[in-house]
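These notes concern the structure reproduced below.
The values are calculated or read from the model by the stated rules, or taken from the named source; none is laboratory data. Remember, predicted model here, so these are calculated numbers, not experimental data. Counting neighbours? That spans all protein chains shown, and the Cβs are built from the backbone with ideal geometry, glycine included.
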Amino acid sequence: MHGIARDTIVDGRYRAEKRLGSGGMAEVWCAADDVLGRRVALKLLGSRFAEDDDFRERFKREAQAAAGLAHPNIVGIFDRGEWDGTPYIAMELVEGRTLKDLVRERGPLPPDVAINLTIQVLGALGFAHRRGIVHRDVKPQNVILDHEGQAKVADFGIARSGGSEMTETGTILGTVQYASPEQAQGQPVSPRSDLYSAGVVLYELLTGRVPFEGESVVAVALKQVSELPVPPSQLRPGISPALEAVVMRALEKDPARRFASADEFVAALEAARRAPTRPVVLEPAPGEPWVAEEEEPGSRWWLWLLALLVVAGVALGAYLLTAGKQVDVPRVVGMTAEEAAHTLHRDQLEVAYRSEVSETVPRNQVMRQNPRAGAHVDRHSTVLLTVSAGRGSAPVPRVEGLAVADAKAALRKAGFNVKAHRAYSDSVPKDEVIASSPPAGGSLERGKTVTLTVSRGPRPISVPKLTGLPKSDAEQKLSLLGLKANESEKESAETPGTVLGQDPAPGTTVRRGDAVSLTIAKARPQVPDVSSQHPPLDDATKTLTDAGFKVRTRQQPSDAVPEGSVVRQFPEPGTQRSTGATITLVVSTGAATPTPTPSPTETATPTETPTP
């Protein structure tokens with residue numbers, strides 16, 4: 001990736017002239033567009049981020065989000081591209097200074113000027129919101145004033161369009177002093193989050209400071225979530241109650257209590273502009289102490305009498321003037337901070353807040369007031385309200401991997417309510433915590449609920465029917481279910497490789513990784529030929545027994561086959577029989593012995609019969 005310096009030609013078109021500045025992830029140069037003959041602001045992703053895919057994606061998203069936003073109060077996008085691996089954006093060049101520069105130089109601005117500038121910012125935000133784009137980083141550093149005083153909103157670098165989520169859940173984006181409470185907690189944002197940030201900008205324009213500051217980002221984020229801002233009129237007297245009410249509504253912690261849209265915010269500012277300004281009473285500057293000239297005693301006695309009469313008249317006038325300017329302090333304990341402020345302002349009293357953590361009083365409710373209810377005070381006096389900050393906030397402890405009982409105990413000890421739901425997991429043992437919502441490390445108001453996802457163990461698997469399938473199909477089915485196959489073979493008349501049996505039976509529930517035993521068919525062996533060559537019985541018997549068969553013999557005389565040799569066999573050679581089957585061998589006993597036939601010369605000897 002090339003470095004950039006003066007006169008560098010970027011992408012064969014933009015000639016760098018001077019460096020305008022750099023931000024958290026990019027640097028901006030004033031450049032001449034040699035193709036269209038105009039000057040642009042060229043924004044290039046910083047070298048240390050250019051190789052990070054997440055930053056590159058975020059940078060490209062800025063161009064996509066802002067390219068279609070053609071509005072007089074939005075910095076226009078002319079071109080986007082990539083130069084030697086470095087993404088860049090060519091933007092409208094606005095020569096001027098930011099609102100932040102203006103406040104640093106001049107301090108608090110007149111209310112009318114602050115309202116005008118805020119309305120321009122809201123015009124830009126409303127235009128973007130109607131097109132589904134949330135800026136997410138509204139701050140005075142991102143608002144540029146041109147030489148005619150027109151405000152232009154820049155840097156849509158972490159904008160979100162529609163429902164896409166390009167950022168990791170739980171990550172705080174934006175500048176924390178201007179981030180909404182939900183953004184400071186890493187929760188999803190909406191157009192009302194931008195309106196909160198615009199309210200912070202208005203607060204700073206009016207008072208010269210942001211509502212919340214701290215020693216660290218985390219400290220500021222916690223204040224954004226749990227503390228009430230000091231009303232701007234306490235920092236700058238003269239701000240009208242109507243304008244202060246607009247600011248405080250924009251800074252509501254609950255998005256639902258803020259303005260519903262930028263247009264509604266603008267309408268409220270226009271109404272506040274027309275509302276009467278709260279009178280500011282200034283004490284006259286004390287004059288030099290009066291010193292009487294030295295005169296003769298008694299020469300000016302009538303002046304003394306006149307002075308006494310004047311003093312008496314002034315005292316009487318002061319009494320008559322102030323007698324009607326005292327009011328009774330109303331009771332506001334138990335009201336919300338907003339309701340209390342409205343009640344006190346209605347009675348021409350000012351309000352100051354301080355927050356206090358409470359285990360029993362709901363958040364944002366007035367716990368105490370000073371002066372007490374019914375006290376007689378001058379109009380425009382300040383009533384100090386102690387407002388509940390709720391039970392306070394605490395970090396969510398890490399409970400992943402703990403037994404569910406231990407996780408619940410840890411969360412309750414930290415001050416949170418707990419609920420749990422169960423989910424199957426192949427990696428987390430049963431009854432252990434998979435995750436928590438909100439996740440560990442995030443800050444959450446005590447008393448809120450943390451939801452645990454607890455493991456039910458591996459998802460049970462129902463064994464499918466595998467008998468009758470080819471061996472390869474059965475193995476594939478088991479593999480897709482995360483099961484193993486233990487195979488054995490059995491001789492069968494079925495096609496070799498067919499599954500003859502299985503264990504467990506179909507429908508049995510097992511766990512992922514378990515084994516299913518399969519009995520696979522194999523062909524029966526063929527009976528060897530032990531008769532064609534008329535081998536001796538011993539040789540034939542050995543051949544058959546070696547092949548796994550049993551032998552049975554019967555004898556038969558044969559003139560053609562020598563005695564003791566095999567004449568024939570049953571079943572015939574090549575026939576398939578199961579191992580262990582019996583083969584019958586017919587064995588020759590040699591030539592047959594002929595049966596004796598009587599000779600024709602042989603006659604019976606007559607038996608002599610005795611003569612009677």
* Could you list, in sequence order, all residues of the stretch 66-89 that are modelled with pLDDT under 85, in a loop (DSSP other than H, G, I, E, B) and either in contact with a helix residue (DSSP H, G or I) (Cβ under 8 Å, 6 or more places away or on another chain) or under 11 Å from Lys152 (Cβ atoms) (or both)? => Leu69, Gly76
* To do: Please enumerate the residues belonging to the stretch 462-490 that are in a strand (DSSP E or B) and buried (at least 18 other Cβ atoms within 10 Å of the Cβ).
  => Ala485
* **The one condition in (1) in contact (Cβ under 8 Å) with a residue 60 or more places away in the chain; (2) under 30 Å from Ala219 (Cβ atoms); (3) not in a strand (DSSP E or B) that Glu400 fails to fulfil** => (1)
* Selection count, the stretch 168-190, where residues are at pLDDT below 75 and closer than 13 Å to Val138 by Cβ -> 2
* Based on what the data block shows, is Ala540 hydrophobic (A, V, I, L, M, F, W, C), surrounded by 14 or more Cβ atoms within 10 Å (Cβ to Cβ) and part of a helix (DSSP H, G or I)? -> yes
* Asked: Counting just the residues of the stretch 10-40 that are aliphatic (A, V, I, L, M) and exposed (fewer than 13 other Cβ atoms within 10 Å of the Cβ), which one comes out modelled with the highest pLDDT?
  -> Leu36
* Does Glu350 qualify as being surrounded by 13 or more Cβ atoms within 10 Å (Cβ to Cβ) and either modelled with pLDDT under 55 or of a type in the set (Asp, Glu) (or both)? -> yes
* Asked: Within the stretch 549-577, can you find the residues that are surrounded by 13 or more Cβ atoms within 10 Å (Cβ to Cβ) and of a type in the set (Gly, Ala, Ser)?
  -> Ser558, Gly564, Ser565
* Listed residues Val266, Val218; which is assigned to a helix (DSSP H, G or I), within 49 Å of the chain's Cα centre (by Cα) and either modelled with pLDDT under 90 or surrounded by fewer than 17 Cβ atoms within 10 Å (Cβ to Cβ) (or both)? -> Val218
* Which of the following residues is under 22 Å from Gly186 (Cα atoms), touching a residue at least 12 places away in the same chain (Cβ under 8 Å), out of contact with any helix residue (DSSP H, G or I) (no Cβ under 9 Å at 6 or more places or on another chain) and of a type in the set (A, V, I, L, M): Leu384, Leu411? -> Leu411
* Structure fact -> In the stretch 341-351, anything assigned to a helix (DSSP H, G or I) and either touching a residue at least 24 places away in the same chain (Cβ under 8 Å) or among the acidic types (Asp, Glu) (or both) is listed as Ala341, His342, Leu344, His345
* To do: Within the stretch 90-104, work out how many residues are loosely packed, with under 15 Cβ neighbours inside 10 Å, at pLDDT 90 or above and not basic (Lys, Arg).
  => 1
* To do: From the list Arg354, Arg363, Arg368, pick out the single residue that is in a loop (DSSP other than H, G, I, E, B) and not polar (S, T, N, Q).
  => Arg363
* Got at least one residue in the stretch 380-392 being surrounded by 13 or more Cβ atoms within 10 Å (Cβ to Cβ) and at pLDDT 90 or above? -> no
* Asked: Is it the case that Lys325 is loosely packed, with under 14 Cβ neighbours inside 10 Å and touching a Ser or Thr at 6+ places or on another chain (Cβ under 9 Å)?
  -> no
* Would you say Glu494 is charged (D, E, K, R), closer than 26 Å to Ala581 by Cα and surrounded by 15 or more Cβ atoms within 10 Å (Cβ to Cβ)? -> yes
* Structure fact -> The condition of being more than 14 Å from Pro140 (Cα to Cα), in the same structural domain as Val200 (by TED's automatic domain parsing) and not aromatic (Phe, Trp, Tyr) holds, among Gly126, Gly85, Gly81, Gly107, only for Gly126
